[in-house]
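What follows is a short report on a single structure.
The values are calculated or read from the model by the stated rules, or taken from the named source; none is laboratory data. Remember, it's a predicted structure, so these values are computed and weren't measured experimentally. Please note: Cβ atoms are built from the backbone with ideal geometry, for glycine as well, and neighbour counts cover all protein chains shown. Quick note on the areas: whole protein, heavy atoms, side chains included, nothing else; ligands and nucleic acids left out. Shrake-Rupley method; radii C 1.70, N 1.55, O 1.52, S 1.80 Å.
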Amino acid sequence: MQAGSSISTRSQIWKGIQPLAGLVFIYLVFAIASATFRTLDTAQTILTQAVILGTLAAGPTIVLISGGLDLSIGSLFVLVAVVIGLLLNAHVPIALVVVLSLLVGALCGTLNGAITVGTGIPAFIGTLGMMKVYRGIAELLGANQDMSKFPASFQAIGAGYLIPISIMVVSFILVYVFLSRTRLGYNCYAIGGSNEVSRLAGVPVKKYYLVYYTIGGLFAALSAIIQASRLNFTNSSWGNGMELDAIAAVIIGGTSLSGGVGGIGRTVIGVLIVTTLNTGLSHLGVSSSWQRISIGIVIVLAVWLDVVQRRRELGA
Amino acid sequence: MRRISTLAFGLVFLLCVAGLVFANGSGEKAGGTSGKITIAYTGYPGGLTPFWAQMTQYVKEAAVAEGVDLVDLSPTVADAAQQKDSVDNAINRGVQGIIIGAIDNRAFGESLKRAAAKKIVVVAVDTAIDDPQVTALAQTDNLASARVMGQYIVDNVPMKGKVLILGGTLGHQTGDARRDGVKQVLEANGYTVIFRACDWNDAKALETATNELQANPDIVAVFGCWDPGALAGLAAVKQRNLLGKVKVFGFDGLPAAFKSIKDGELSATIKQDNKQMAQVIVHSVVAQIKGQPGVKKLLIDGFVIDKSNVDKYLQ
């Protein structure tokens, strides 16, 4: 029994280390292969390029751990981006634009949660429907609107390295604290492990799901704010496939699609693996199509490892 | 488990090796350690429109002709954020020049400042980027060419009525110029113009054209600001059995548009000379890197292709 437990602990430690080891390995290979890759500039660029994906992926980390799924965050992202553009065009004060944008994101997230837990529709279908709804609203609101050339104070949010990277890091810290230091957070793992057992143990599962999806919407909105300020324009064609990119980064980091396992630290690693691969392959002159293929293979690999380990644990 | 992990790492390693194999030039070359100039190109995704697929090919051919290394960092999706990242990656890679065929001309501000700080020459092709760091531009004179198309529509659609313009992304320099050129001429001649932004998205153009033709039975012509959009508009016209009653016009001069003109469906398109654009801009960026004078602005006149001259351009 003791030997089995020791093997299980070792297995868990190794499982946690794998993505980090993978990241270090990938970084080292690129650093050896390309002199221009191993510079401070490139490291800063990797972190800056990770900001949008990282902030967006913070939400699905919580939702996936809880056993949920939100396919609408890419559309929610574009909806918030359009709202930002319209508000800025209307000369609404920047602070209010930020607050209202976050509010829109949070409300849409809550709606996703309500639809999922209130109707019993599978999260995949419910949020797939809302993905269409949010994109449609974004297209309606953004139709024939030139939303660009924003005030300098708004552009400052996404400018340079320091502010956007700081926002991403603070987001990660907040999610870490939420998951590890709050009742809502550690119940997230319990609900993801077994929804029914948690309910029987007195956990208000439905109420908690609303919070998890709301947080997901909030981070999608935050990500949209950073992108709008970074690019200095918005339009309703943004966000296509971003939900899948975010979910992929979370999974690559080692958070399980089946729920109950994961953490924001793993998401950080997953996001950095994706960004490092993209940047590194660019430095080697590899086309974007090959970059996509690489990320695809890494996703399959990550999920395969998860499946194999779960099987092994069940068999142990 | 260890075997699986070894396999996983092995696969990632293979990917990296594949990266080296498929690299157009190694990272060491950039920055000129081999003495050869390296430039980067990031254009609108070639997979989305044949115009840009041709442009990419022409840029590569021009780079070979100029004797420089070219790294193609074009994104595969029309995502302005990804294109901005590709410019940042080119800067870090230490290239001496960057050619941008912008997905959206408004996205690059901060990256261009970084390039200027590193004395990297940045030039634009097809779409102007309103920034002092961009030192050359080769593009079709979109406004003038669109005016030519506007006049062509006036001459060939004598019945005054509504004309639907299927546009690019609002605020995009190229799309706005094409819209404005056609619109100015049509409105001056008594036509009512309905403009709809379609974000250079063919599916959106089809949907928009279908809805507008249904809502406005008095539409007499459709102008697509890009050929695939015009062909989407043509599909909507055919779906509603309006071929012959509603004439469709495009802009780009792509082979598919020529075939449609030959078949008597699309009425006309504007031919853009993307080969000349590519040659001029590559020559300009290389000349500037060498400290020689290069073309700063080349506006190429587009011209109308219709049934009278399409055979000459059909391959």
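Computed over the protein assembly as shown, the percent of Cα pairs more than 32 Å apart is 53. Across the options B:37, B:94, A:222, the greatest Cα extent toward the positive end of the charge dipole of the protein assembly as shown (unit charges at beta carbon of Lys, Arg, Asp, Glu) belongs to A:222.
Phi angles of the range B:92-109 translate, via the Karplus equation with coefficients 6.51, -1.76, 1.60 and θ = phi - 60°, into HN-Hα couplings of 5, 5, x, 5, 8, x, 10, 9, 10, x, 5, 5, 8, 5, 9, 8, 9, x Hz per residue; Gly and Pro are given as x. Fully extending the segment from residue B:130 to residue B:159 would add 6.6 nm, taking 0.36 nm per residue of separation and subtracting the current Cα-Cα distance.
Using just the alpha carbons, could you tell me how many Å³ per residue the convex hull of the range A:15-315 encloses?
So the per-residue Cα hull volume is 133 Å³.
Of the residues A:236, A:213, A:261, the one whose Cα sits farthest toward the positive end of the charge dipole of the range A:15-315, with +1 on the Cβ of Lys and Arg and -1 on the Cβ of Asp and Glu, is A:261. The range A:205-251 and the range B:228-275 have Cα centres separated by 38 Å. Between the beta carbons of residue A:303 and residue B:215, assuming R0 = 51 Å, the FRET efficiency works out to 0.65 to the nearest 0.05. Rolling a 1.4 Å probe over the protein heavy atoms of the range B:178-230, with every protein chain left in place, gives an accessible area that is 44 percent carbon and sulfur. On full extension, the segment bounded by residue A:201 and residue A:289 gains 26.8 nm, given 0.36 nm per residue less the C-alpha separation. Shielding by partners for peptide B:68-80, expressed as the average number of C-beta atoms from other protein chains within 10 Å of each residue's C-beta, is 4. Across the range A:295-306, coupling constants 3J(HN,Hα) worked out from phi with the 6.51/-1.76/1.60 Karplus curve, θ = phi - 60°, read 4, x, 5, 5, 4, 4, 4, 4, 5, 4, 4, 4 Hz, and Gly and Pro carry x. Extent along the principal axes, Cα only, for the range B:116-221: 57, 28, 15 Å, with the longest axis given first.
The simple spin-label model puts a point 7 Å past each Cα toward its Cβ; for residue A:25 and residue A:124 those points are separated by 3.0 nm. Under 5 Å between amide hydrogens, built in the peptide plane, is the criterion, and for residue B:71 it picks out B:39, B:40, B:41 among residues at least 5 positions away or on other chains.
Computed about its Cα centre, the charge dipole of the protein assembly as shown is approximately 1280 debye, with only Lys, Arg, Asp and Glu carrying charge at their Cβ. Amide H to amide H, with H built 1.01 Å from N, residue A:147 comes under 5 Å of A:234, counting only residues 5 or more places away or on other chains. In chain A, Cα pairs under 8 Å separated by at least six residues give a relative contact order of 34 percent.
Model label points for residue A:161 and residue B:276, set 7 angstrom from Cα along the Cα-to-Cβ axis, are 4.5 nm apart. Note on residue B:117 and residue A:38: the model spin-label points, each 7 Å out from Cα along the C-beta direction, lie 2.4 nm apart.
Can you give the charge dipole size of the range A:15-315 about its Cα centre, rounded to the nearest 20 debye, using +1 on the beta carbon of Lys and Arg and -1 on the beta carbon of Asp and Glu?
520
The angle between the Cα long axis of helix B:142-156 and the main principal axis of chain B comes to about 20°, on a 0 to 90 degree scale. Estimated purely from DSSP H runs of n ≥ 4, each contributing -39500 (n - 2.57), the mean residue ellipticity at 222 nm for the protein assembly as shown is -21000 deg cm²/dmol once divided by its residues.
Using only protein heavy atoms and a 1.4 Å probe, report how much of residue A:304 is accessible, in Å² to the nearest 10. Number for this one is 110 Å². When a 1.4 Å probe is rolled over the protein heavy atoms, the share of accessible surface on the range A:15-315 that falls to carbon and sulfur comes to 71 percent.
Quick one: what do you get for the range A:122-195 if you divide its Cα Rg by 2.2 N^0.38 Å?
Here the Cα radius of gyration is 1.66 times the empirical estimate.
Total buried accessible area between B and A, probe 1.4 Å, nearest 100: 4400 Å². Projecting the Cα atoms of B:146, B:47, A:109 onto the dipole axis of the protein assembly as shown, where Lys and Arg carry +1 and Asp and Glu carry -1 at the beta carbon, places A:109 farthest toward the positive end. Dividing the mean sequence gap of close Cα pairs (under 8 Å, 6+ apart) by how many residues chain B holds gives a relative contact order of 17 percent. What is the pair-distance distribution P(r) of the range B:153-215, computed from all Cα-Cα distances in 10 Å bins starting at 0, with each bin given as a whole percent? In order of increasing distance, the bins hold 22, 48, 29, 0 percent.
Using the 1.4 Å probe convention, the accessible area of the range A:15-315 works out to 38 Å² per residue with neighbouring protein chains retained.
Across all C-alpha atoms in chain B, the radius of gyration and Dmax reach 21.8, 77 Å. Helix B:2-22 and the longest principal axis of the C-alpha atoms of chain B enclose an angle of approximately 70°.
According to the Cα-based calculation, Rg over Rh for the range B:77-133 is 0.91, with Rh computed by the Kirkwood formula.
Each residue of the range A:202-218 was assigned a 3J(HN,Hα) from its phi angle through the Karplus expression (A = 6.51, B = -1.76, C = 1.60, θ = phi - 60°), giving x, 6, x, 4, 4, 4, 5, 4, 4, 5, 4, 5, 4, 4, x, x, 4 Hz with x at Gly and Pro. Here, the range A:174-316 is characterised by an Rg to Rh ratio of 1.02, where Rg is the alpha-carbon radius of gyration and Rh the Kirkwood radius.
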